[in-house]
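The values are calculated or read from the model by the stated rules, or taken from the named source; none is laboratory data. Given the structure is predicted, the values throughout are model-derived calculations rather than measurements. Counting neighbours? That spans all protein chains shown, and the Cβs are built from the backbone with ideal geometry, glycine included. Side chains included, ligands, DNA and RNA excluded: accessible areas come from the protein's heavy atoms. Shrake-Rupley method; radii C 1.70, N 1.55, O 1.52, S 1.80 Å.
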Amino acid sequence: QVQLVESGGGLVQAGGSLRLSCAASGTIFRIDAMGWYRQAPGKQRDLVAAVTSGGSTNCADSVKGRFTISRDNSKNTVSLQLNSLKPEDTAVYYCAADALALVSQRVKLDRYWGQGTQVTVSS
């Protein structure tokens, strides 16, 4: 089984910063892309930023220049630095990883999700 554990959410005023972290554990042979998604109440879950195993990144236009994604392949971790936060950034943030892992005695590539961490930005 692959588990993703997130940390770092919270309440912050507009203009403030937060750092989200996510650690993957389990019998993992390889992790391809890792990323962060967010879901606001009543809305769909959208990609915020992603990073490949080679370090290539992409992010949503709405967070460009404010959020930065980074990854430590040796530790199977991914982080998201959130700067210049706005009230519209308020959402539950989910970590995701595309991992090749041993699950139920089978080796398979699948997408795994964290439990989510709440980010609330007050105006």
Find all pairs meeting these conditions: Cβ atoms under 6 angstrom apart; at least six residues apart or on different chains; first residue within the stretch 64-78 and under 25 Å from D89 (Cα atoms); second residue among the small types (G, A, S) and crowded, with 16+ Cβ neighbours inside 10 Å. F67/A49; I69/A49; S70/S79; T77/A23
Under 13 Å from V121 (Cβ atoms), among the acidic types (D, E) and at pLDDT 95 or above - does that describe any residue in the stretch 44-54? no
Which residue pairs have Cβ atoms under 8 Å apart, sit 6 or more places apart or on different chains, and have a first residue in the stretch 107-123 that is over 10 Å from S7 (Cα atoms) and a second that is in a loop (DSSP other than H, G, I, E, B) and hydroxyl-bearing (S, T, Y)? V119/T90; T120/T90; V121/T90
Any strands (runs of 3 or more DSSP E) falling wholly within the stretch 51-123 and containing at least 2 residues that are under 15 Å from the mean Cα position of the chain (by Cα) and farther than 20 Å from Q13 by Cβ: 57-59, 67-72, 77-82, 91-103, 106-113
Would you confirm whether any residue within the stretch 34-41 is open to solvent by 50 Å² or more (accessible area, probe 1.4 Å) and more than 24 Å from T120 (Cα to Cα)? no
Applying the selection to the stretch 11-24, what residues are surrounded by 13 or more Cβ atoms within 10 Å (Cβ to Cβ) and assigned to a strand (DSSP E or B)? V12, L18, R19, L20, S21, C22, A23, A24
I want to confirm something. Restricting to the stretch 69-114 and keeping residues that are closer than 17 Å to F29 by Cβ and polar (S, T, N, Q), which single residue is most open to solvent (accessible area, probe 1.4 Å)? Q105
